[in-house]
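The values are calculated or read from the model by the stated rules, or taken from the named source; none is laboratory data. Just so it is clear, the model here is predicted, and its values are computed rather than measured. Here Cβ is always computed from backbone atoms with ideal geometry, including for glycine, and neighbour counts include all displayed protein chains. Heavy atoms of the whole protein, side chains included, go into the accessibility calculation; ligands, DNA and RNA do not. Shrake-Rupley method; radii C 1.70, N 1.55, O 1.52, S 1.80 Å.
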Amino acid sequence: MRGVNAKYAEFRRTVEVVRAAAFIPAGSEIRPGQLEVVKVPEAVAKELGLVRDPAEAAGKAAKVSLVPGQPLVSGMLGAEARRPGFVEVHVPVDVSSSAFVVAGDVVDVYVFSKEPAAGSATLLCRGVRVLHSYDQTGMEVTPVEGKAPAQAVAPPGSKTPASVGLEVPADAAPALIQAASQKRVYLAKSGPAN
């Protein structure tokens, strides 16, 4: 009987751990307001290696997209939001040119000419990480709504990307910005973020 009571007592000991309070896109800096603290059994926190102090996560970059309620593990945290030598460029998109990307997706970026005689699209960058995907209201388009399909009905266009933040090599930024200013950018999904 003593062994059962000891196990029960061990399971009842709780510690505070950190979890996402909002959707946090992969590659973005984690802000304190995006985190919350909850209690879990100490044995669970140790076994999973859960982050216990919000200060361990705040200011770091999310290596993967985090959904609300998801506990943080230290392996999910990176030192910086963007890789050295890369910049974030926001590109205006519409339904077809956006490929319905969300933060964490990986895309190939094509630019095209609006002149029919100019030819086809040209690959500008391959394997580009999507850092942000904003709808027409400026809200992050999230991959998980937490609702049944019938409840996820929203006004037309409200969950369609209108602006996408791409992590591109700094030397490719001028060409991308030029094409984006003329709405000549097309994204093709090439995989999930690594």
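With respect to the conditions (1) more than 29 Å from Ala162 (Cα to Cα); (2) open to solvent by 70 Å² or more (accessible area, probe 1.4 Å); (3) at pLDDT 80 or above, Val18 falls short on a single one, namely (2).
If the condition is being modelled with pLDDT of 90 or more and of a type in the set (A, V, I, L, M), then segment 59-72 contributes only Leu72. When Ser98 is tested against (1) among the hydroxyl-bearing types (Ser, Thr, Tyr); (2) under 15 Å from Ser163 (Cβ atoms); (3) at pLDDT below 85, exactly one condition is not met: (3). Scanning segment 21-44 for residues that are open to solvent by 30 Å² or more (accessible area, probe 1.4 Å), under 30 Å from Phe86 (Cα atoms) and touching a helix residue (DSSP H, G or I) at 6+ places or on another chain (Cβ under 7 Å) yields Ala21, Ala22, Pro32. Across segment 21-58, the qualifying residues are those that are over 30 Å from Val89 (Cβ atoms) and in a loop (DSSP other than H, G, I, E, B), and the one among them that is modelled with the lowest pLDDT is Gly49.
Of the residues making up segment 52-79, just one is open to solvent by 40 Å² or more (accessible area, probe 1.4 Å) and among the hydroxyl-bearing types (Ser, Thr, Tyr), namely Ser74. Listed conditions (1) within 16 Å of the chain's Cα centre (by Cα); (2) farther than 13 Å from Val130 by Cβ are all met by Glu88, apart from (2). A search for C-beta distances below 6 Å between a residue of segment 52-68 that is within 17 Å of Val17 (Cα to Cα) and any residue that is among the β-branched types (Val, Ile, Thr) and open to solvent by 80 Å² or more (accessible area, probe 1.4 Å), counting only pairs 6+ apart in sequence or on different chains, returns Val67/Val144.
In segment 88-100, how many are in contact with a Pro (Cβ under 8 Å, 6 or more places away or on another chain) and either free of Cβ contacts under 8 Å to residues at least 12 places away in the same chain or surrounded by fewer than 20 Cβ atoms within 10 Å (Cβ to Cβ) (or both)?
Looking only at that region, the number is 1.
Would you check which residues across segment 168-183 are in contact with a helix residue (DSSP H, G or I) (Cβ under 9 Å, 6 or more places away or on another chain) and open to solvent by 50 Å² or more (accessible area, probe 1.4 Å) and list them? Selection gives Lys183 alone.
Please report, ordered by residue number, the strands (runs of 3 or more DSSP E) entirely within segment 102-194 with at least 1 residues that are within 17 Å of the chain's Cα centre (by Cα) and at pLDDT below 75.
185-192
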